[in-house]
Ligand SMILES: [Zn+2]
């Protein structure tokens, strides 16, 4: 199925607007994006259909503008970007003479494509009509609800995953880490469907899969099934709240780590628990990695709300250990009860990645699929309205690939970089983040996977 066909594009734009209409605290930017993206489509629209081509009139960031020591803006210029066989082959001054087929970027800013590092492509209502989640009080409540819903979701999961991939591409993401339920109801069928959906998009989207024991690794007795999932090619071993769901912190984490060690695979665990259970779980994971150095650099904690409950020296010590054992954090940039120490983690060199988590499913109805929106929320929550802070906020959406380094020197794109990028209707990355500016076109390894550009 081609997700870049105009029919599907209309479908996800209209679905996006429905989501915005449902209303979220920060939906203004998203709503603006969806409408503006539609309005921006050129009338002589075309998609790049060559492997060696020019993108003309591309806006690139060149440096920060400073007044005295204060960064007040971003200087940009227009360039013609030559793409060949998936890479940026050369960056020319605008107006170069060339016989290569060419498309017009119309002065839009070129930014690195974003990455959705925590999403559940395997279970979603996306693509059907509006449906709000039911009231609930706990993760266990949600698991009970999910047991009722899964029999209807699993048969539809392949086609819906492909629709979600189309949504992500329309928002500038071409890479994702997707969790996939391994539970007594889905068994391994959800994984099979997700693998098929990803396989259909091998040329235009990169996704890794976390085998996720959503109903509890011990609680739902799925350790054997998790091992089957690893044999089937899942890339990460997942886990879930070892105290609140499994009721046995050390035993649950030991079971997760033993699968990871046996299959030599990295880990990505959902940890919603706070103080004291969540903090204890993180400490136990750090100890396990210290005792098993082959796990160093191979653990991601998703959510990690426990970190938001620590302060002062206790927080500093924890961040230091996370850095030492090379943990990474995946976050939805949560709004509300917990303010996460995301700036402190980034400043210490602990990788912080953003993710949508859910888009219109029985857990949350608030997802838009936009990582620019996550960068925007990050900038709002952590007091970053100035040009420099906004430009840095983009890093949580791009794995810290940014056009300018902190000194304002141009560092992306360079010749030989992968042509995995997006054109955004903004004048610079700071504006793109502040306004959740519309993505005009998305490219994955040189292939245009979303949007329309005028052929020159
Ligand atoms: Zn999740």
Options 146, 128, 158; residue that is in contact (Cβ under 8 Å) with a residue 40 or more places away in the chain and outside the structural domain of residue 418 (by TED's automatic domain parsing): 146
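So that you can scan it fast, the table gives a plain yes or no per residue for (1) within 30 Å of residue 352 (Cα to Cα); (2) in a loop (DSSP other than H, G, I, E, B); (3) within 16 Å of the ligand (Cβ to nearest atom):
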{"position": "96", "(1), (2), (3)": "no, yes, no"}
{"position": "107", "(1), (2), (3)": "no, yes, no"}
{"position": "110", "(1), (2), (3)": "yes, no, no"}
{"position": "123", "(1), (2), (3)": "yes, yes, yes"}
{"position": "134", "(1), (2), (3)": "no, yes, no"}
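On the given criteria, is residue 366 within 16 Å of the ligand (Cβ to nearest atom) and touching a residue at least 12 places away in the same chain (Cβ under 8 Å)? Break it down stepwise before answering.
Values: within 16 Å of the ligand (Cβ to nearest atom): yes; touching a residue at least 12 places away in the same chain (Cβ under 8 Å): yes.
Here the answer is yes, as residue 366 does meet what is asked.
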Any helices (runs of 4 or more DSSP H) falling wholly within segment 359-454 and containing at least 2 residues that are farther than 20 Å from residue 70 by Cβ: 371-381, 395-398
Test: residue in segment 151-165 that is at pLDDT 95 or above, outside any helix (DSSP H, G or I) and under 30 Å from residue 56 (Cα atoms): no
Residues being farther than 26 Å from residue 248 by Cα, within 16 Å of the ligand (Cβ to nearest atom) and in a strand (DSSP E or B) - total across segment 189-222: 2
Condition broken by residue 175, with the remaining ones in (1) surrounded by fewer than 22 Cβ atoms within 10 Å (Cβ to Cβ); (2) modelled with pLDDT of 95 or more; (3) part of a helix (DSSP H, G or I) satisfied: (3)
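Only one of these is over 18 Å from the mean Cα position of the chain (by Cα) and under 27 Å from residue 139 (Cα atoms): 217, 194, 168. Name it. Outline the logic, then answer.
Numbers: 194 fails: over 18 Å from the mean Cα position of the chain (by Cα); 168 fails: over 18 Å from the mean Cα position of the chain (by Cα).
That would be 217, the only listed residue that is over 18 Å from the mean Cα position of the chain (by Cα) and under 27 Å from residue 139 (Cα atoms).
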Any chance residue 149 is within 16 Å of the ligand (Cβ to nearest atom), more than 19 Å from the chain's Cα centre (by Cα) and closer than 21 Å to residue 191 by Cβ: yes
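The values are calculated or read from the model by the stated rules, or taken from the named source; none is laboratory data. Just so it is clear, the model here is predicted, and its values are computed rather than measured. Cβ sites come from the backbone with ideal geometry, for glycine too, and all protein chains shown count toward neighbours.
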